[in-house]
Amino acid sequence: MFVSGLVLAAGRSARLGRPKQLLAYRGRTLLDAALDTARACRFDELIVAIGGAADEVRAVVDLSGCRVVDNVHHTAGCSSSIVAALAEVDERADGLVLLLGDQPDVPVASVDALRAAAAAPIAVCRYDDGRGHPFWFARSTFADLARLHGDKGVWKLIGSGRWPVTDVRVDGRIPLDVDTRDDYTRLVEAG
């Protein structure tokens, strides 16, 4: 099975007030940490969508081993990054795992669990405290992914009933992601 990894890192960081991709985390940047996690997942290809602060991200973040997609429509929400990246997904891909560039501590085991459920059109991680990223989308769902819009488009697709969704059990709490200064403080304190 050919599996693509897609890391969404194009946001404007409006709630935080500065590019969260570049926040210091464990001696590097937040996005470096998220990409290190994604690299550890051994995807057949790794795509990262950037947009907000793209020049700074290219100058500071280690993007080696990644196909970089510039999302020129990043202000239209994270769905626009998925749409932009789909055009770059290898035609051999059976599906993709969607990760967030502001969620660096996703367990590799959660991605392994999603791969084990790859017969499902959509699979989501079910942590002790609820559903969370990463998500699996089979190629059969790509046309619907390409029609997404807004910040919560992917969640709307998951909840739409259009596709069966498999919950994949993952021990632990939903990994922290950074949207606000308080989120960042919690992440640093937990790390």
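Values for this structure:
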read-out: Distance histogram for the stretch 146-190 (every C-alpha pair counted, 5 angstrom bins, percent rounded to whole numbers); value: 5, 16, 15, 16, 19, 18, 9, 3
read-out: DSSP beta bridge pairing in the chain, given as percent antiparallel to the nearest 5; value: 35
read-out: Intensity falloff of the stretch 52-104 expressed as log10 I(q)/I(0), Debye formula with alpha-carbon point scatterers, at q = 0.15, 0.22 Å⁻¹; value: -0.48, -1.06
read-out: From the C-alpha gyration tensor of the stretch 65-161, square roots of 5λ in Å; value: 20, 16, 15
read-out: Under the Karplus curve 6.51 cos²θ - 1.76 cosθ + 1.60, θ = phi - 60°, whole-Hz ³J(HN,Hα) for the stretch 161-170, x wherever Gly or Pro sits; value: x, 5, 10, x, 10, 9, 8, 10, 5, 10
read-out: Fraction of alpha-carbon pairs over 22 Å apart in the chain - percent; value: 41
read-out: Surface accessible to a 1.4 Å probe, per residue, for the residues of the stretch 1-57, Å²; value: 39
read-out: Separation of alpha-carbon centers, the stretch 1-60 and the stretch 102-140, rounded to whole Å; value: 18
read-out: Per-selection Kirkwood Rh - the stretch 1-87 (Cα, Å, 1 d.p.); value: 13.0
read-out: Segments 182-189, 120-127 sorted - mean Cβ within 10 Å per residue, highest first; value: 120-127, 182-189
read-out: Fraction of accessible area attributable to carbon and sulfur, the chain (%, probe 1.4 Å); value: 50
read-out: Around ASP36: net Lys/Arg minus Asp/Glu count, Cβ-Cβ under 10 Å; value: +1
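The values are calculated or read from the model by the stated rules, or taken from the named source; none is laboratory data. The shown structure was predicted, so the numbers you read here are calculated from the model rather than taken from an experiment. Here the Cβ is made from the backbone with ideal geometry for all residues, glycine too, and neighbour counts use every protein chain on show. Ligands, DNA and RNA are stripped out before the accessible areas are found, and what is left, the full protein with its side chains, is counted by its heavy atoms. Shrake-Rupley method; radii C 1.70, N 1.55, O 1.52, S 1.80 Å.
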